[in-house]
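**Q** Can you keep this structure in mind? I'll have questions shortly.
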Amino acid sequence: MTQEYIRLLARKFFEGTASEEEKQLLHDWYDRLADDQSPETVTTTTAEGASEVRDRMHANLRSRQEQYKPVKRFGWIQRFAAWSSAAAAVVLVGFLLWTNGHKPTGSNVRLVTAPLGKTVRVNLPDGSHIWLNAGSILSYPAAFKGKTREVVLREGQAFFDIAHDTAKPFIVHAKTLDITVLGTSFDVKAYKNDRDIKVTVKTGKVGVQVRDKPGQPALMLLPAEQAVVPEKTQKILVNEISKPAIAPWKDNRLVFEDELLVEVLHALERKYNQHIVIEKPGLSTEKISLTLDDQPMNDVLKVLGFSKNFNYSQLNDSTIVIR
């Protein structure tokens, strides 16, 4: 993403005209700036409130601005770059505060982010393992206390391989769902820009329940079953899915079975760290099945464009337009 484009997004943010996608671009740019393309784990000794999060973010910004301060720079450019950083920080702080109500219980909360283009493995204190797909955020306590083990998938997709413990059910909070297991492996996909939440079971049994319907019993899923929950209706639908299509992304592969083309393009955005703008009408209802390994982005788009009759062009280093 060019500095000129960052300045444009920052200006639109302060004018109140930035779209949610543009705000997310600023968010992603700040993540890359903050850790030089590497995943970041933030550990706090006590649960932070709004003021503590804001103070910590501002302190980090001041520290990084001093560290990367140019030797000679025009004053207005320097101020504008600082404003761009602040805009991205505000977006990130806002997102953290928005999800604050779903933090795991406990005073020592850890936050792990998988940046675009990368996956991250997380080892939990109970011996469980979690793989985070690109563009995902997970929070969990440093130690599981009480009668349950609870984590929050704040954004994105994760594959869970959970250590068995009949005395302490493992619960994943993802958007509007509560997912409960004793010991099993399963995938949860809950990106903000996907219309459906998906829970897919690889081994064992998984209970899925809509959070605002506490009187409704949990739906039990078996291996090779997938629960699809449209956010608009909150009605749980169950499909069968082949095992090769369960979390292949953690092995750097993508498998789509009769998937909406829009969701395929979202997956490509995250894998290749690109922003895709769809200008051609009608593509939102198209579906496709395909398997991808590690082909270059251009090769993938050529195949998709041929099969779905669209053209594409590279607008800049990080933006692709489909017409």
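The values are calculated or read from the model by the stated rules, or taken from the named source; none is laboratory data. Quick caveat: nothing in here was measured; it's all calculated off a predicted structure. Here Cβ is always computed from backbone atoms with ideal geometry, including for glycine, and neighbour counts include all displayed protein chains. These accessible areas exclude ligands, DNA and RNA; they are computed on the full protein's heavy atoms, side chains included. Shrake-Rupley method; radii C 1.70, N 1.55, O 1.52, S 1.80 Å.
**Q** Any idea which residue in segment 218-242 is nearest to residue 174 (Cα to Cα), counting only those that are of a type in the set (S, T, N, Q) and open to solvent by less than 60 Å² (accessible area, probe 1.4 Å)?
**A** Checked segment 218-242; the qualifying residue nearest to residue 174 (Cα to Cα) is 234.
**Q** Hey, another quick one. Regarding segment 168-182, can at least one residue be identified that is open to solvent by less than 10 Å² (accessible area, probe 1.4 Å), within 22 Å of residue 25 (Cβ to Cβ) and in contact (Cβ under 8 Å) with a residue 12 or more places away in the chain? Quick ask: steps written out before the conclusion?
**A** Initially, segment 168-182 is screened for residues open to solvent by less than 10 Å² (accessible area, probe 1.4 Å), giving 170, 172, 174, 177, 179, 181.
Cutting the leftovers down to within 22 Å of residue 25 (Cβ to Cβ) gives us none.
Looking for residues that are open to solvent by less than 10 Å² (accessible area, probe 1.4 Å), within 22 Å of residue 25 (Cβ to Cβ) and in contact (Cβ under 8 Å) with a residue 12 or more places away in the chain, one finds none in segment 168-182, hence no.
**Q** Answer with yes or no whether residue 250 is open to solvent by 40 Å² or more (accessible area, probe 1.4 Å) and either in a helix (DSSP H, G or I) or under 25 Å from residue 25 (Cβ atoms) (or both). Before you say what the answer is, go through the steps one by one.
**A** Numbers: open to solvent by 40 Å² or more (accessible area, probe 1.4 Å): yes; either in a helix (DSSP H, G or I) or under 25 Å from residue 25 (Cβ atoms) (or both): yes.
Taking the combined requirement at face value, the residue satisfies it.
**Q** Please specify each residue of segment 179-209 satisfying the condition of being assigned to a strand (DSSP E or B) and among the polar types (S, T, N, Q).
**A** Keep residues of segment 179-209 that are assigned to a strand (DSSP E or B), which gives 179-181, 185-190, 196-203, 206-209.
Result: 180, 185, 200, 203, 209.
**Q** Taking the condition of being assigned to a strand (DSSP E or B) and either free of Cβ contacts under 8 Å to residues at least 40 places away in the same chain or more than 22 Å from the chain's Cα centre (by Cα) (or both), how many residues in segment 210-229 meet it? Break it down stepwise before answering.
**A** Keep residues of segment 210-229 that are assigned to a strand (DSSP E or B), which gives 210, 219-221, 225-229.
Subset that is either free of Cβ contacts under 8 Å to residues at least 40 places away in the same chain or more than 22 Å from the chain's Cα centre (by Cα) (or both): 210, 219-221, 225-228.
Residues in segment 210-229 being assigned to a strand (DSSP E or B) and either free of Cβ contacts under 8 Å to residues at least 40 places away in the same chain or more than 22 Å from the chain's Cα centre (by Cα) (or both): 8 in total.
**Q** Would you say residue 295 is assigned to a loop (DSSP other than H, G, I, E, B), at pLDDT below 90, farther than 27 Å from residue 184 by Cβ and open to solvent by less than 80 Å² (accessible area, probe 1.4 Å)? Reasoning before the result, please.
**A** Details: assigned to a loop (DSSP other than H, G, I, E, B): yes; at pLDDT below 90: yes; farther than 27 Å from residue 184 by Cβ: yes; open to solvent by less than 80 Å² (accessible area, probe 1.4 Å): yes.
Here the answer is yes, as residue 295 does meet what is asked.
**Q** Within segment 134-145, is there a residue that is within 25 Å of residue 267 (Cβ to Cβ), open to solvent by 30 Å² or more (accessible area, probe 1.4 Å) and either in contact with a Gly (Cβ under 6 Å, 6 or more places away or on another chain) or modelled with pLDDT of 95 or more (or both)? Break it down into steps so the answer makes sense when it comes.
**A** Restricting attention to segment 134-145, the residues satisfying the condition of being within 25 Å of residue 267 (Cβ to Cβ) are 134-140.
Next, from what is left, pick out any that are open to solvent by 30 Å² or more (accessible area, probe 1.4 Å): none.
Checked segment 134-145: no residue is within 25 Å of residue 267 (Cβ to Cβ), open to solvent by 30 Å² or more (accessible area, probe 1.4 Å) and either in contact with a Gly (Cβ under 6 Å, 6 or more places away or on another chain) or modelled with pLDDT of 95 or more (or both).
**Q** Hey, can you tell me all the residues within segment 119-132 that are in contact (Cβ under 8 Å) with a residue 24 or more places away in the chain, open to solvent by 20 Å² or more (accessible area, probe 1.4 Å) and either out of contact with any strand residue (DSSP E or B) (no Cβ under 9 Å at 6 or more places or on another chain) or in a loop (DSSP other than H, G, I, E, B) (or both)?
**A** Passing the criteria: 119, 126, 127.
One line per residue, one yes/no per condition, for (1) among the polar types (S, T, N, Q); (2) in a helix (DSSP H, G or I); (3) on the phi > 0 side of the Ramachandran plot; (4) buried (at least 17 other Cβ atoms within 10 Å of the Cβ):
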| residue | (1), (2), (3), (4) |
| --- | --- |
| 262 | no, yes, no, yes |
| 280 | no, no, no, no |
| 289 | yes, no, no, no |
| 306 | no, yes, no, no |
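**Q** Go through (1) at pLDDT below 85; (2) surrounded by 13 or more Cβ atoms within 10 Å (Cβ to Cβ); (3) among the aromatic types (Phe, Trp, Tyr) for residue 312 and report which single condition fails.
**A** So the condition that residue 312 fails would be (1).
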